[in-house]
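Beneath this line is the structure, given in structure tokens, with notes to follow.
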Amino acid sequence: MSAARALPVLMYHSVAPEGALSPHGWLERLSVSLEMFEATLAAWQRRGVRTVGCEEIRAFLAGKAGLGPGSVALTFDDGYLDNWVAVTPLLRRYGQRAIVFMSTDFIDPSPVPRPTLDDETAPSTWQGYLSAEEMRRMVATGAVEIQSHAATHTWEFTGPEIVDYYGPHWNISHPRCRYRFLWLNQNRERKPFALQHLRRESVPWGTPVYTYAPALVARRYVPDPEIEARVVELVAAEGGEAFFQRPDWRGALDGLVREHRQRRGDGGRLESLAERRERLRQEMAGSRSLLEGITGCPVRFLSPPQGGADEETLALARECGYELVTAPSSGKLQLNRAGGGPGWVHRCGTGYDLFGRGRSRRASLLSQRIVLARAAGNPGALLATKLVGAARRLGR
């Protein structure tokens, strides 16, 4: 058997039954059904696919060890409860393993592990995040490695320009709405229970949305709190949700902000470069230290949330002790080649959507098989994906 030329790395988030994650459309969109995930593991078992861990990835990229054909790295972002409830039991059942990237602000404080698919008691809930004890037990099975997804998993304001106001035209449980961070940044102590609190009305109507970027690349701007207070107060006094039925609602809010700044100036503050660097170090080094304390295992792999990373992020991650860092998506195929050396680890999603979302299980499994072959450096698979892409564009 020839050695692998490149290593495919898949990116999952959640595995849950249909409807179990409602009303969080954004999480449902990220989730894979139980049936689909088990069918995937069964297909891998038939084909001899072997999942690898952090040390094997590191050695392969460093050119110190080869991997057999059919090697795949399976990763999960965010640390959702179902990674314990469903993913870990299924991995054990099929003799596979995965890397789970946990954001430490979201660690559930419960000391009692919740039921899994392996327990006599059926899982009572699927919505939530992993606890420390659940992570310890996942690692003890040998099927899971816990690595870092930084601490806050949020976006930060980056300047005084207001680009939007939160209103009924948005819904933080909608798949395309990024404004969940408005609630997260104001409720850090409640983040482990975010899935119980994130509803359409959880953010006050009228809350200003300033320019923003992922936390690990942003230079944080802390806005004038009086502006938010005045805007939210005005919207509430003018009918709350009904205020946004006014054709001039945006002009009224912009006018209020403009008047405030003309009279009081901009009371916001941009963090210094030194403050930014220290904040990023806390995100990276702090989460790593906490996870190592929980699991008793090395944490050397960082996945920057939302793909929010640049070369500075990579360099600082190295300073904080990370040896592997997942790359931001570039939209282009980039391979994790044998002996490619330190740098980014490129991922390719779940691989199911080559023929479009919502296809049959058979089509989804075929799609993933082609995507894995492409990410392993197979030129025939690369040609196949180009032909499929061209056919889809013609069919629009």
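A few comments on the model shown:
- Accessible-area rank, largest first, for Cys348, Cys320: Cys348, Cys320, with all protein chains present and a 1.4 angstrom probe.
- Cα-Cα pairs of segment 200-280 separated by more than 15 Å (percent): 64
- The distance from the alpha carbon centre of segment 16-89 to that of segment 239-314 is 29 Å, rounded to a whole number.
- Sequence-distant contacts, meaning Cα pairs under 8 Å at least 6 residues apart, place the relative contact order of the chain at 20 percent.
- Fraction of the pair-distance distribution of the chain above 32 Å, Cα-Cα pairs, percent: 40
- GNM top mover of Lys332, Lys64, Lys191 - the chain, alpha-carbon springs below 10 Å: Lys332
- Inter-site label distance for Leu234 and Phe193 at 7 Å from Cα along Cβ, in nm: 3.4
- Between Arg230, Arg50, Arg114, the Gaussian network model of the chain with springs among Cα atoms under 10 angstrom shows the greatest mean-square fluctuation at Arg230.
- Subtracting the Cα-Cα distance of Arg178 and Arg337 from 0.36 nm times their residue separation leaves 53.9 nm of extension gain.
- Karplus (6.51, -1.76, 1.60) ³J(HN,Hα), θ = phi - 60°, over segment 207-212, in Hz, Gly and Pro reported as x: 3, x, 10, 8, 3, 8
- The apolar share of the surface of segment 233-330, taken as the fraction of accessible area on carbon and sulfur atoms (1.4 Å probe, ligands and nucleic acids excluded), comes to 50 percent.
- Solvent-accessible surface of the chain, averaged per residue with a 1.4 angstrom probe and all protein chains in place: 45 square angstrom.
- Taking only the alpha carbons of segment 268-345, we obtain Rg and Dmax values of 14.1, 48 Å in that order.
- Taking every alpha-carbon pair under 8 Å whose residues sit at least 6 apart, segment 216-285 reaches a relative contact order of 60 percent.
- On Cα atoms only, tilt of 225-237 relative to the major axis of the chain in degrees: 80
- DSSP bridge analysis restricted to the chain gives an antiparallel fraction near 30%, rounded to the nearest 5.
- A simple rule links phi to the HN-Hα coupling: the Karplus curve 6.51 cos²θ - 1.76 cosθ + 1.60 with θ = phi - 60°, which for segment 62-79 gives 7, x, 9, 7, x, 10, x, x, x, 7, 9, 9, 10, 10, 10, 9, 5, x Hz, with x for Gly and Pro.
- Pair-distance profile P(r), taking every C-alpha pair of segment 1-74, with 5 angstrom steps and integer %: 3, 14, 20, 18, 14, 13, 9, 6, 2, 0
- Low-density loop cleavage sites - trypsin sites (Lys or Arg not before Pro) in segment 340-392, where at most 14 other Cβ are within 10 Å (DSSP): Arg357
- Long-range amide H partners of Phe101 with built H, under 5 Å: Phe76, Asp77, Asp78, Gly79, Gln147
The values are calculated or read from the model by the stated rules, or taken from the named source; none is laboratory data. Owing to the predicted nature of the structure, the values given are computational and were not obtained by experimental measurement. Cβ: placed from backbone, ideal geometry, glycine included. Neighbour counts: every protein chain shown. Just so you know, the surface numbers come from the protein's heavy atoms only, side chains and all, with ligands and any DNA or RNA stripped out. Shrake-Rupley method; radii C 1.70, N 1.55, O 1.52, S 1.80 Å.
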